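Below is one structure, written out as structure tokens; the observations come after it.
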Amino acid sequence: MPQRENPVHVGSPDPELKTSPIVEETDEAFDYLVQELADNSVCLFNGVSYKDGAFVCSGTELLRCERGAWVREGSCDPDNP
């Protein structure tokens, strides 16, 4: 199981590099988006591949890879979880 406690810090998305979509799980488009991604088992962030279920920090935002999309999970800021 991926470690939520020690996610990789990936920085901000670089528009020059491939990054999977970042969405809210409650977003109406989420179900449609993951269907379109065909249950991808990896997410990309700045051209780097991460397995389904992996956690990363982008700035202060905690993201989880789910079926090819990054889902916002909360904060990576230890002072404001």
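The values are calculated or read from the model by the stated rules, or taken from the named source; none is laboratory data. Treat the numbers as computed from the prediction; the structure is a model and nothing was measured. Methodologically, a virtual Cβ is constructed for each residue, glycine included, from the backbone with ideal geometry; neighbour enumeration extends over all protein chains shown. Surface areas here come from the heavy atoms of the whole protein model, side chains and all, with no ligands, DNA or RNA. Shrake-Rupley method; radii C 1.70, N 1.55, O 1.52, S 1.80 Å.
Residues whose amide H falls under 5 Å from that of ALA54, counting only those 5 or more places apart or on a different chain, are CYS65, with hydrogens built in the peptide plane. Here's how it looks for CYS76: its modeled amide H is under 5 Å from those of GLU61, LEU62, which are all 5 or more places away or on a different chain. When nucleic acids and ligands are ignored and a 1.4 Å probe is applied, SER58 ends up with an accessible area of around 20 Å². Tally Lys/Arg at +1 and Asp/Glu at -1 over every other residue whose Cβ is under 11 Å from the Cβ of ASN46; what's the total? Its environment carries a net charge of -1.
Taking amide H atoms as placed 1.01 Å from N in the peptide plane, the amide H of VAL23 lies under 5 Å from those of TRP70, VAL71, ARG72, each 5 or more residues away in sequence or on another chain. Among GLU25, GLU16, GLU5, the sequence by solvent-accessible area, most first, with a 1.4 Å probe is GLU16, GLU5, GLU25.
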